[in-house]
Amino acid sequence: MRFNLFRQLDGAESGGTAATSPLLAPPHAAHQEPTGPIKIQTRDVSVFYGDKQALFDVSVDIPDKAVTAFIGPSGCGKSSFLRCLNRMNDTIPIARVKGSIRMDGEDIYDKALDPVLLRARVGMVFQKPNPFPKSIFENVAYGPRIHGLTENKTELADRVEQSLKRAGLWAEVADRLDAAATGLSGGQQQRLVIARAIAVEPEVILMDEPCSALDPIATAKIEELMDELREEYCLVIVTHSMAQAARVSQRTAFFHMGELVEFDDTETIFQNPRDKRTLDYITGRFG
Ligand SMILES: Nc1ncnc2c1ncn2[C@@H]1O[C@H](COP(=O)(O)OP(=O)(O)OP(=O)(O)O)[C@@H](O)[C@H]1O
Ligand SMILES: [Mg+2]
């Protein structure tokens, strides 16, 4: 069942016709699994770069213990919206964010809230893995150290080991923790930066096209990892791969020209979308 769905979606991605429409795909078991309570609630979120508005009044309820996927054509505002969720837009001088974003009911744009601490709670993984030019160990130990999360060396080493294990990288690096992180393969580096994010015990992990620089095998590993991580975390991923959104997410948001067109169960988005723009996008008619 699951395999058919991938095939049909992969077909649609490579310019497939209505005959390979994901709308014909059978449901994917992961979509039927219950999600946790609402973790992040956004209301009328708009993003401006200078005078130009890039995102228009986006309101979504993102569940905990689930993977939420953001899809849509290039330039539709996926990354801009994702960056709102951990205030990364604060670091772009011309960017301005309006509206409200609450995590567990707490306003994350509250002036009293330290964005650095917020970004430890809401970790981010980028398209291109960005390990620090340090050893594998030091990459993962960095966060716990600066946030004072461990008491001594043994605790820190344990934390590094646990994080690497949860990121599915331990077996491949256990015997070379002191080696340079930049010597790892792209897929290993991506799992390393996920371990680095996990090491500070985040509540939410944002991933902006985390697999687009990876080969299919490394991609499969990261997808497996997302599926495991969702048991503990709220995951939000941006992806250009509709097959990936269908495989790993329980909720999907479709954006178009800065507008949130549709947000629903992944199964509904791919099999029974309400909006014609969603249908056109997932069947490969534009984008
Ligand atoms: N730092 C920035 N300065 C000015 N404009 C920006 C900046 N970042 C994004 N934009 C503009 O905001 C709009 C949305 O961009 P964004 O990067 O959020 O889209 P996206 O959906 O992530 O696209 P892609 O799929 O290509 O990554 C685009 O018009 C883009 O040019
Ligand atoms: Mg983007």
Cβ-defined net charge surrounding Gly186, 12 Å radius [Lys, Arg +1; Asp, Glu -1]: +2
Proximal aspartates and glutamates to Lys111, defined as alpha-carbon separation beneath 14 angstrom and excluding residues fewer than eight positions away on the same chain: Asp90
Proximal charge balance of Gly168 [Cβ under 9 Å; K/R count +1, D/E count -1]: +1
Estimated Rh, the stretch 2-282: Kirkwood, alpha-carbon pairs, angstrom: 19.4 Å
Local net charge near Val200, Cβ-Cβ under 12 Å (Lys/Arg +1, Asp/Glu -1): +3
At most 13 other Cβ within 10 Å, DSSP loop - trypsin sites (Lys or Arg not before Pro), the stretch 53-135: Lys111
DSSP-defined antiparallel bridges as percent of all bridges, the chain, nearest 5: 55 percent
For the chain, calculated [θ]222 nm from helices alone, where every DSSP H run of n ≥ 4 adds -39500 (n - 2.57): -10000 deg cm²/dmol
Residue among Gly36, Gly143, Gly50 with the largest mean-square fluctuation in a Gaussian network model of the chain, springs linking Cα atoms under 10 Å: Gly50
Set of lysines with alpha-carbon distance to Lys134 below 21 Å, sequence-local pairs under 8 removed: Lys153, Lys165
Sequence-distant lysines (8 or more away, or on other chains) whose Cα lies within less than 22 Å of Lys52: Lys78, Lys98
Euclidean distance of C-alpha centroids, the stretch 231-287 and the stretch 102-153, integer Å: 28 Å
Rounded to whole Hz, the Karplus (6.51, -1.76, 1.60) HN-Hα couplings of the stretch 170-176, x for glycine and proline: 3, 4, 7, 10, 3, 8, 8
Residue-by-residue Karplus 3J(HN,Hα) for the stretch 37-48, coefficients 6.51, -1.76, 1.60, Hz, glycine and proline x: x, 5, 9, 10, 10, 10, 9, 6, 7, 10, 10, 10
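No value in this document is a laboratory result; all are computed from the given coordinates. Note that the structure is predicted; figures quoted are calculated from it, not measured. Cβ: placed from backbone, ideal geometry, glycine included. Neighbour counts: every protein chain shown.
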